[in-house]
Structure formats: structure tokens, C-alpha cells
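Bear in mind these aren't lab numbers, they're just calculated from the coordinates by the rules spelled out. Since the structure is predicted, the reported quantities are computational estimates derived from the model, not experimental observations. Positions of Cβ are generated from backbone atoms using ideal geometry, with glycine treated the same way; all protein chains shown enter the neighbour counts.
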Amino acid sequence: SPRDIDALIKYPFNGANFSTRIWKQKDFLEQKLMEDLTTIMVRGVNPRVLSKEFAKHFDRRKYEAYRLLHTESAFISEQATLQGYTEEGVEKYQILATLDHKTSDICQKQDNKVYDVGKAVVGVNYPPFHQFCRTTTVPKFDDEEITTRVARDPITNKSYEVPADMDFNEWYRKYVVDEYGQDQVQVMKNKMVNRTSDKVQHSKYKLIFGDKIPSTLEDFQELKYNNVKEWENIRAEKQDTLNSLDYRDSFFGKFGDREVREWYIAHDKNIPNLI
């Protein structure tokens, strides 16, 4: 209903709302948001599919549109669940975070905690806890039997079941650290944290080295973090290899001042070192 959409538009997330964030054209935003969220909730369409068109309408980046649609559709879904708890007389709920290596520190700490339905506060003890939050909830009953929950192996990406009362930290110690070792755990963290910068670096190194660099980002990260000696050799060759190439349009805007300066100096010793 219009009242529900207005509540969604004004809903404060991290101290802000749509009307005070980056989004303009509030009236049109309400209409477009209603359409796209309806598509997401009713048809089960991934927010990523709709984000490109949504971003184009409001002259924003696709990532920002995806973040908006993903987070607010999660909010609507969890609010519907909370309303269901109230209507069905459920008194307590349990936080259920995703058991994989992408889960945020906030959700790791919240996992398996139990709260009163009547005291649920979004972002404090009820999801979503942050942008792109994947955490959900389940009803909690005192006499329920111990069942299972699903986890995902961070290396093989395969799903498996663990006891339902196992929280994130227990799972992480037993199925990640004990299974793969702390060094490999750190590699996984580096891959995840540096994914955006590694994507830029991958593109740059492909321009310089061509087929010598893996074609996919995943294989590039594997080279960078698990074949350290080979990666250091490639890094050591980077500037000399770049200097040996003819500068071309595809290089424009892809390299830093120092890299460009050294390329020019390599091709003309008379160019002063001013940058």
C-alpha cells in the first residue's frame, strides 16, 4: 500500500533515509521502488537483474542501485517474517547467519542468539544488520528437537549440514580453521577483502602481460595469494614490460603517475622527472 511504501522510503537505515541519501526525485523513486520491489518479492527476481535499469533511471551507479534494492527487499522480507511471528503467537526468535567466509563480523557475533519477538529492533537484534545483509531468523521454541542447518565450504563451495545449535564461531573453528589451517584462512580473507582492488589490478596486468596473466579474477587471485614466488617475479617484471610496449589508447587512465612517468623516461631520457 502507499502507506507501506512511504514507511519504507522514510525508514532510517544507518541514520539516514532515501530522501536524505544520494537519491533524488522522491516521487518517481517511490513508484519505481514499488514496481521493482514487487517484482523481487512476488516473482523472486534477483535484485542484481533490476539494478542496471534502476540505476539508469536515477543517474546512479549500478552498484548503488543493487545495494538499495538488495537491502530494502531484505528489510521487507524480514518485516513480513516478524509480523508472522506476532500473528502466530511466536514469543522468541533465533538469529541465523550464513555459515560461509563472506559473513560479516556483526552477523558472526549475532548468530544463534535468541531474542523476544516483542523487543525486535532492526539493526540491533533483528536483521538486516547492515547493507547486503544475508542473515535471517527462525522461530525459537523451548521444546524443539535439535535439527541441522546448512553451511558452505569456503574452498570447494559445496554445501553440507551441521547441527542447528552450532554457531558461527564453532563452525569456523571446526570446519574452516581446523580443516584448512590458519594460513589458508588468511588467504581466503585476503581474496574477499581485496576483491575490488584485485579486479582493477587484474585488468591492468592483463594489458601489460596478456596471456601470461590468468583470464579470470579467481585464477588471478590464486596466483597472487597462493603462488607468491611466481607473483613476485611478475611484479618485478611489470614496469620493464610496460616500458617495452607502445603506449596505446587502451592504456589511458589505467596506470598511475609513476608508471606513466617511467614509461616516458624509458622512451626519452630527456623528459624531466617532474611527476
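Brief remarks on what is shown
- Averaging over all projection directions, the Cα-based convex hull of segment 194-267 occupies 4.9 nm² in the image plane.
- Using C-alpha pairs under 8 Å with a sequence gap of at least 6, the mean separation divided by the residue count of segment 90-180 gives a relative contact order of 31 percent.
- Computing FRET efficiency as 1/(1 + (r/R0)^6) for residue 131 and residue 265, where r is the C-beta to C-beta distance and R0 is 41 Å, gives about 0.40.
- Sparse-neighbourhood loop sites, GluC sites (Glu not before Pro) in segment 139-198 - DSSP loop, at most 14 other Cβ within 10 angstrom: 144, 145
- Remark on segment 90-180: Rg and Dmax equal 13.4, 41 Å (Cα only).
- With N as its number of residues, segment 134-181 has a Cα radius of gyration that, divided by 2.2 N^0.38 Å, comes to 1.29.
- With each label modelled as a point 7 angstrom along the Cα→C-beta vector, the residue 245-residue 197 pair spans 2.2 nm.
- Of the GluC sites (Glu not before Pro) found in segment 87-122, those in coil by DSSP whose Cβ has at most 16 other Cβ atoms within 10 Å are 91.
- For segment 110-265, alpha-carbon Rg over 2.2 N^0.38 Å: 1.53
- Rounded to the nearest 20, the Cβ-based charge dipole of segment 68-138 about its Cα centre (Lys and Arg +1, Asp and Glu -1) stands at 220 debye.
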